[in-house]
1. Normalised by the residues of segment A:90-166, what does the relative contact order come to in percent, with Cα pairs under 8 Å and at least six apart?
2. From the helices alone, meaning DSSP H stretches of at least four residues, give me the mean residue ellipticity at 222 nm for chain A, per-run term -39500 (n - 2.57), in deg cm²/dmol to the nearest 500.
3. For chain B, with only Lys/Arg (+1) and Asp/Glu (-1) charged at the beta-carbon, what is the dipole magnitude about the Cα centre, in debye rounded to 20?
4. In segment B:22-109, if every C-alpha pair distance is counted and binned at 5 Å from zero, what percent goes to each bin?
5. Among B:A253, B:A207, B:A138, whose mean-square fluctuation peaks in a Gaussian network model of chain B (Cα, cutoff 10 Å)?
6. Would you mind checking the pairs A:K154/A:K237; A:K106/A:K154; A:K141/B:K233; A:K128/A:K154; A:K52/A:K106 and listing those with alpha carbons more than 24 angstrom apart?
7. Tell me, what ³J(HN,Hα) does each residue in segment B:109-126 have, in order and in whole Hz, if you take phi through Karplus 6.51 cos²θ - 1.76 cosθ + 1.60 with θ = phi - 60° and put x for Gly and Pro?
8. For B:K89, what charge total do you get from the other residues with a beta carbon under 13 Å from its beta carbon, if Lys and Arg give +1 and Asp and Glu give -1?
Amino acid sequence: MGILEVKNVGKRFGGLQALGNVNLSVAENSVHAIIGPNGAGKSTLLNCLVGKLIPDTGSVMFDGQSVLGRAPHEINQMGISRVFQTPEIFGDLSVLENMMIPCFAKRDGAFEMNAITSVVSQKDVIAKAEAMLEDMNMADKRHMHAASLSRGDKRRLEIGMCLSQEPRLLLLDEPTAGMARADTNNTIDLLKQIKQDRDITIAIIEHDMHVVFSLAERITVLAQGTPLVEDSPENIKGHPKVREAYLGETAH
Amino acid sequence: MFALDKKDARLLLMVAVLTMLAPFILNPFPAGSEMAQFNAGYPDLMQRFVIFGIFAIGFNILFGLTGYLSFGHAAFLGVGSYSAVWMFKLLSMNVLPAIALSVVVAGLFSVVIGFISLRRSGIYFSILTLAFAQMSFALAYSVLTPITGGETGLQLALDDPRILDVAASATGNIPVPGLFGLEMRASTNLELGPWVFTFNVGYYFSALIMLAAFYLAIRIFRSPFGMMLRAIKSNQQRLNYTGLNARPYTLAAFVISGMYAGLAGGLMAAMDPLAGAERMFWTASGEVVLMTILGGAGTLIGPVLGAGFIKYMENIISKINESILHQWFYWLPDGLEDFVVAMIYPFIGKGWHLTLGLLFMAVVIFLPGGLVEGGQRIGRMFGRKKSEEKDKPSGKTTPAE
């Protein structure tokens, strides 16, 4: 029984069957990659996991509890953190403040009327945020406006924000999309480091096969809304069905 | 000082000194001189400065921090005024219970309106709040006449119960609002040579409440709660996926700003014990939006500056008339004098709205951060050391979008 169990999930948008009958099991403390050509339903699946979409059929269980029908913030508080395709950070806030917000969320829950105490007096949260910035090699940028960071730094910040919530499952939606090679490699190293240092399960949606084969321990291939095959990276590499799905995609 | 950092403490102290010395600062011209009409140091106007300052400070907690643009805050102002007048009618002429009730009733009212309106964001939220405020206005004007006095407004009468107070004063008149016997309208004049300075009880009472309200706003701005509100404005999606529920945060901000508006409305009634439905009209809601943006949304001092600026324009520019213009330009040749006066005339008197509109456009286009940004630019131009401090990200100002 994996930490995340997706059973018979289907989702239809009007006439389009975005997800057919998806079954997926992500083992605890593994790195599981979900790959597939454009339009395969990867993002739809992810959105069903985090509460942005509610599937028409099937069930999604996280650690034995259903996530369906819960709001995104509730699912997040259960221990699922999500990294977006384009980094979603608080652009108007400083880097340190960005890092403090998930620390507050971890400490105080979804809502806390903390309107009179000063932020400066929250020493535990500041210390935790500073330590995480240190881990992310961003301590020298702590007073910068988050919107003025480079793309790679925004990504690091976002991953750090997710980690400071101490999630059990980290979902990454194409974390290296639109990145230069060097930044991609940095991100791979960062994720390897995270896996090594923490008890965490990582599920990653990715287009870049270099990233997938550097990280994944298990790979699910989606095509046209249904899982084509699930196997180890070695077996996936030479799998005829996978080659067909991807070659079919490039032949068009 | 007061658990504030140095810069905030300095700001609070500066505002305190300015408000306490306002009767001097706003009366720079000797009484009876030609420039005396630019003096703003008379009680009525000074009271309006601080009361609308409170209104704008509260509005800024909602709009400046969360970015939710309410177009119906005048409803809370009006509700506050009605509550206070009812307290004068039923209980006593002491202003404290009246103001307390204004804040409570406006708070309850804003819980209801906020709960419904905050289900939407952006323009839909603005429209919902506008609709509620206009509905309140229309109801107060018509069907709720027994409670609101309808078209004539709610006024005190000699046969009001006033169970803890006298129905009529010793002279047979309606008693006036006061604080334990200290009448709000009482004033003392200080004559220094040709200058006359007026110290009014109501003004100082309102100014002290505004300082408390300003202090509370600083604390909210600097709190984790305030940080969450800024995060909502910056990226609500990220906030939701960080395990935080935006709804109660925005509702809390909405209710706090509604209570500020109620406080302002209660104070207005305490200065002059009558309340009319026109206080809830949509233009009154629009005015506080203008004040906040003109001064600098999201900054601490901006809304107070904006409120002062607009109230000054409304009361001073609108008083200039054609004959005053002719007095100013008498030294020009006759034809030219008429021409100059004709050119300026549309901008003064009843045309003050035109002047205000043009200034507002100029500020929004050239100073998106409002008057506060203007002040900072001037500061930087003179190369003060302070401008460097202000550039730090932890600085007090976060420019509005």
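1. 53 percent
2. Estimated from H runs of four or more residues: -11500 deg cm²/dmol.
3. Numbers: 27 positive and 23 negative charges, 391 e Å.
Computed charge dipole of chain B: roughly 1880 debye.
4. Histogramming segment B:22-109 at 5 Å steps yields 3, 12, 15, 17, 14, 12, 12, 10, 4, 1 percent.
5. In the Gaussian network model the winner is B:A138.
6. On the way: A:K154/A:K237 32 Å; A:K106/A:K154 21 Å; A:K141/B:K233 22 Å; A:K128/A:K154 19 Å; A:K52/A:K106 21 Å.
The pairs that break the limit, which is 24 Å between Cα atoms, are A:K154/A:K237.
7. Once θ is set to phi - 60°, the couplings for segment B:109-126 become 4, 6, 4, 5, 5, x, 4, 7, 5, 6, 6, 10, 10, x, 5, 5, 4, 4 Hz.
8. Values: positive: B:R162; negative: B:D159, B:D160, B:D165.
Net local charge, B:K89 excluded: -2.
Laboratory data are not the source of any read-out in this text; all were calculated from the coordinates shown. No experiment lies behind these values; they were computed from the predicted model shown. Reconstructed Cβ throughout: ideal geometry from the backbone, glycine too, with neighbour counts over all protein chains shown.
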